[in-house]
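Scroll down for the structure; my scribbles are underneath it.
The values are calculated or read from the model by the stated rules, or taken from the named source; none is laboratory data. Predicted, not measured: the structure shown is a model, and the values here were computed from it. Reconstructed Cβ throughout: ideal geometry from the backbone, glycine too, with neighbour counts over all protein chains shown. Please note that ligands, DNA and RNA were not included when accessible areas were found on the heavy atoms of the full protein model with its side chains. Shrake-Rupley method; radii C 1.70, N 1.55, O 1.52, S 1.80 Å.
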Amino acid sequence: MKKLSQLAPLAIVLAVVTVALWWGLRPAAEPAVKPSPSRSAQFGCEPVEATGGPGTATLTTRDWKVSVKEVRSASDLPREGGGEMNAEAGKVFVIGALDFIRLGSVEASISSEDISIVCRGGSGLTPGYWSTDGERFCFPCSFDVTTEAPSTIVWFAFKVQRQRGASSFAVDYKGAGPLPLGPPTASP
C-alpha cells in the first residue's frame, strides 16, 4: 500500500504532462470554407443593377483595398467534393471574384459575413456559395480567414433569373460599397 501511495503523485504528474503535450502538439486548425447556415442571395433579395462596370473601381477599408477581379455566369457550379450544383430552370449563377490587397495589419481577417450583394431597398444579403479557387464551390458555407499574404482572392456565387444574368450588379464589403460587379461573361 505504501508503494501505491508513492506512485500516485508520479501518475498525476504523468497525466498532466501527457495532456499538456497533446494540447501543445495537436494540429492547428486550417482556415477553410466551412458549412454554415448562412443566408443566401437567392432568397428574398432582388439584386440592384449597378451603374458602371468593373474596371478600376475599388472600395477601401482600414485593412483592405478591394476590387472586382472577374465576373462570369454559369448554369451550374462544380461542387467541392465532387458533382455539380445546377441552377433551377430559368436561373443562372453569377460568379464573382474579389481581389483583396492588404493595407493594414497581417492579423486582419476577411469574413464571408462582411461580403454582401446589394439588394433593392438598400439591404444586402450574404452569398451562400463560396470557393477557395474559383473552380469548386460549397453551399451553404461561410469562412473567416486570416492570411499573411499581401493579397488574396475570394470567390462567391449567387443565383438570379436568367434574363438578368447579363446585368451588372453591386457588391459591398463592410459597408464601404457599393462596388459594381459585372456585367458577367458567360462561362464556356
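Against the numbered list (1) open to solvent by 20 Å² or more (accessible area, probe 1.4 Å); (2) of a type in the set (A, V, I, L, M, F, W, C); (3) closer than 17 Å to residue 61 by Cα, residue 166 comes up short only at (3). Scanning the stretch 75-91 for residues being in contact (Cβ under 8 Å) with a residue 12 or more places away in the chain and within 13 Å of residue 129 (Cα to Cα) gives a total of 7.
Has the stretch 91-99 got any residue that is open to solvent by 40 Å² or more (accessible area, probe 1.4 Å) and out of contact with any helix residue (DSSP H, G or I) (no Cβ under 7 Å at 6 or more places or on another chain)? No, because not a single residue in the stretch 91-99 is open to solvent by 40 Å² or more (accessible area, probe 1.4 Å) and out of contact with any helix residue (DSSP H, G or I) (no Cβ under 7 Å at 6 or more places or on another chain). The single residue among 160, 145 that is among the β-branched types (Val, Ile, Thr), part of a strand (DSSP E or B) and open to solvent by less than 20 Å² (accessible area, probe 1.4 Å) turns out to be 160. Exactly one residue among 95, 153 is under 17 Å from the mean Cα position of the chain (by Cα), in contact (Cβ under 8 Å) with a residue 12 or more places away in the chain and closer than 14 Å to residue 67 by Cα, and that residue is 153.
Just to be sure, is residue 65 surrounded by 10 or more Cβ atoms within 10 Å (Cβ to Cβ) and either on the phi > 0 side of the Ramachandran plot or modelled with pLDDT of 95 or more (or both)? Yes: the conditions hold for residue 65.
The residue that is farthest from residue 175 (Cα to Cα), among those in the stretch 109-128 that are surrounded by fewer than 16 Cβ atoms within 10 Å (Cβ to Cβ) and of a type in the set (D, E, K, R), is 120.
Results for (1) at pLDDT below 95; (2) more than 22 Å from residue 166 (Cβ to Cβ), shown as yes or no for each residue.
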position	(1), (2)
28	yes, yes
51	yes, no
82	yes, yes
89	yes, no
94	yes, no
108	yes, yes
137	no, no
